[in-house]
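What follows is one structure encoded as structure tokens, with my remarks underneath.
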Amino acid sequence: GLLYFIINGRFSFALASLLENVIIDRYFIPTHCSREVQIGDYVRYQYNGTFEDGRKFDSSLDKGFPFVGQVGVESKVIPGLDKGVQGMCVNERRKITIPSHLAYGVLGAGSVIPPDATLVFDVLLLDLWNKEDKVQIRTLHKQQNCKRTVMPSDFVRYHYNGSLLVGNLFDSSHLQNSTYDSYVGQGSLLKGMEEGLLGMCVGERRLIIIPPFLAYDDKGYGTKVPPYATLIFDVLLVDMFNVKDDVNVEVQKIPQPCRRRAVGGDFIRYHYNGTFQDGTYFDSSYSRNSTYNTFIGMGYVIAGIDKALQGVCVGEWRRVTVPPHLAYGENGSGELIPRSAVLIFDLHIIDFHNPKDQVEIKVIYKPADCNLTSAANDLIMYRYNCSLLDGTHLYSSDDYPEPPRVTLGQGKLIAGLDEGLQGMCVLERREITVPPHLAHGTNGALGVPSNAVLLFELELLQLQKGVPEGFLFIWLKDSPEPLFPAMDMNQDQKVPLEEFSAFIKLQVAESRGRLHPGIDSDTVLRDMFSKQDRNADGKITEDELNIIVNEEEEVPKHEEL
């Protein structure tokens, strides 16, 4: 029979048929192909199966789901198709022509595939993976300064775009305008995502490629993620913290010397810039051109800031990182602070005080000869410069043609300045610190912020001792007794203005008495005379120096005299 077969010339034709192989037409090849199908890989693809004349006999599209299987290992498909997909890239399209001996051969397949049929498959590769695959991580961007990375049990907030290998976007946090928030290592994330997030820094961007068995495996996820799908996540880590985290304080600048550190109960004024960990700004006192003012340690601010303000110095700069459980927690704050957000505050301490504080006086210079000092009711002339504790200049006596004159103790000055000017010698220089309750208080003043501690540089230039409030003249020594005969210098039993004025001026000249400073002496004397000239007849009599206090008692009272 073999000889007959050879003689009739059919051997060469039969051998050619047996050697005939799969014909592959790669009619679409993607630009980027990081991996090709190899024996042992798992694939997921769509296909249309037709005969050579174009008649269709099978289609995954008609079935409503793609083919999934392992290539070359106990394959579920005909050898020619198994061979035809090898070397394919995801998104590649192939026309695979398979001779019958690599398809269903001489037997065919029931009533669908006739014997010796050549089959043509149009294949689109959707996915490709291997059981040995690991999560792939590609770093797209990483912050230069990375102090901490994601570890198990951390809570993370991140943005992501999720797509299939073919490029189809199946989900995105950006479209929801909200980060995805979750704990790492507690089973609430895909296994591959938990692995892919480990070691990330805030601000880092990664491409995380997760094989199906570390993603949704054979179940898929709704209509968005098909079974056996490799997932690609473009992840930007926005925030991270651990429930064990405490407030982190980084002192950036501290003035020297630091005269005092803030404690609970102090009232503090500070400027701040508030950002999230990724650098996104959310609030600033500078934008409002006003400090934030509050008490320390009394729960008026978030717990983390309350804690971070303890021990600050005036003029200090601090960077404070506050975990959400010491900030606004899981709920956030309106549209400003998202839930579970770590907050970073750059603080600049302007000043602080305690409601019990008094005026603080520092003597810069004191003359050796200091016998006469300022007190209430004295008329003084002085120089001053006023500033905030951070050095901001507010106002100065140098801004005016001449230094101010003022009578102390009569409410003409803010209480703290009035107090700080008392007890000074002429030419003495002082630096005084005035708490706001002894300055301009909660309302402030023109150019002076509310609740501001003021720093005054003072120099006393002139001093005229004064008289008590409401008086025009006081005795420095015992007055003459009886008074009227001493005043009636010509002994005519009447004292006109001229005689009265001469008498008082004599007392002043001999340092027995003092007139009200700061007012013209003639004006003072006329006023004093008019008070004693009770009947306004232009002269004072002895009777007019007596005042009837009540009907039973007549008491001599000479007012200033």
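The values are calculated or read from the model by the stated rules, or taken from the named source; none is laboratory data. None of the values given here were measured: they were computed from a predicted structure. Every residue, glycine as well, gets a Cβ built from its backbone with ideal geometry; the counts of neighbours run over all protein chains shown. Side chains included, ligands, DNA and RNA excluded: accessible areas come from the protein's heavy atoms. Shrake-Rupley method; radii C 1.70, N 1.55, O 1.52, S 1.80 Å.
In this calculation the C-beta distance from residue 106 to residue 224 is compared with R0 = 56 Å, giving a FRET efficiency of 0.80. Rolling a 1.4 Å probe over the heavy atoms of the protein chains gives segment 412-510 an accessible area of 47 Å² per residue.
Taking trypsin sites (Lys or Arg not before Pro) across segment 405-472, the ones in a DSSP loop with at most 12 further Cβ atoms lying within 10 angstrom of their Cβ are 412. Taking label positions 7 Å along the Cα-Cβ direction at both residue 358 and residue 258, the computed distance is 2.7 nm, reported to one decimal. Ligands, DNA and RNA are left out, and with a 1.4 angstrom probe the accessible area of segment 23-129 is 51 Å² per residue.
Model label sites at residue 412 and residue 519, defined 7 Å from Cα along the beta-carbon direction, differ in position by 1.2 nm. Relative contact order, whole percent, for segment 403-482 stands at 27, derived from Cα pairs under 8 Å and 6 or more residues apart.
Placing pseudo-labels 7 Å out from each Cα toward the beta carbon at residue 58 and residue 134 gives an inter-label distance of 3.7 nm. Electrostatic bookkeeping for residue 250 treats Lys and Arg as +1 and Asp and Glu as -1; over the other residues with beta carbon under 12 Å from its beta carbon, the sum is +2. The solvent-accessible area of residue 141, taken with every protein chain present and a 1.4 Å probe, is close to 90 Å².
Bridging of residue 131 to lysines at a Cα separation below 26 Å is possible for 76, 83, 191, 219, 224, once same-chain residues fewer than 8 apart are set aside. Ordered from largest to smallest accessible area (heavy atoms of protein chains, 1.4 Å probe), the residues 360, 335 come out as 335, 360. Within the accessible surface of the chain, defined with a 1.4 Å probe on protein heavy atoms only, the carbon and sulfur portion equals 51 percent.
If you work out volume of the Cα convex hull per residue in Å³ from the coordinates, which of (i) 130; (ii) 180; (iii) 257 do you get? Read-out taken from this structure: (iii).
Rolling a 1.4 angstrom probe over the protein heavy atoms, how many square angstrom per residue are accessible across segment 243-334? Could you put the intermediate results ahead of the total?
Numbers: 4800 Å² over 92 residues.
Dividing the accessible area of segment 243-334 by its residue count gives 52 Å².
Multiplying the residue separation of residue 333 and residue 33 by 0.36 nm and removing their Cα-Cα distance gives an extension gain of 103.4 nm. The trypsin sites (Lys or Arg not before Pro) of segment 158-223 meeting both criteria, a DSSP state outside H, G, I, E and B (loop) and at most 12 other C-beta atoms within 10 angstrom of the site's C-beta, are 219.
Counting 0.36 nm for each residue step from residue 392 to residue 543 and taking away their Cα separation leaves a gain of 48.2 nm. Only protein heavy atoms count here; on that basis, with a 1.4 Å probe, residue 395 has an accessible area of about 60 Å². Rolling a 1.4 Å probe over the protein chains gives residue 471 an accessible area of about 80 Å². Accessible area ranking (1.4 Å probe, heavy atoms, ligands and nucleic acids excluded), largest first, for 151, 528: 151, 528. Between segment 338-361 and segment 425-494, what is the separation of their alpha carbon centroids in Å? Cα centroid to Cα centroid, the span is 37 Å. For the chain, the Cys residues with no second cysteine's beta carbon closer than 4.7 Å are 386.
For segment 194-210 and segment 15-92, what is the separation of their C-alpha centers, rounded to whole Å? What the calculation gives is 34 Å, centre to centre. Mark the label point 7 Å from the Cα of residue 491 along Cα→Cβ and return the residues of segment 525-546 whose backbone N is within less than 17 Å of it. Zone members listed by number: 542. Contact order normalised by length for the chain, with contacts defined as Cα pairs under 8 Å and 6 or more residues apart; what percent is it? Result for the chain is 8 percent.
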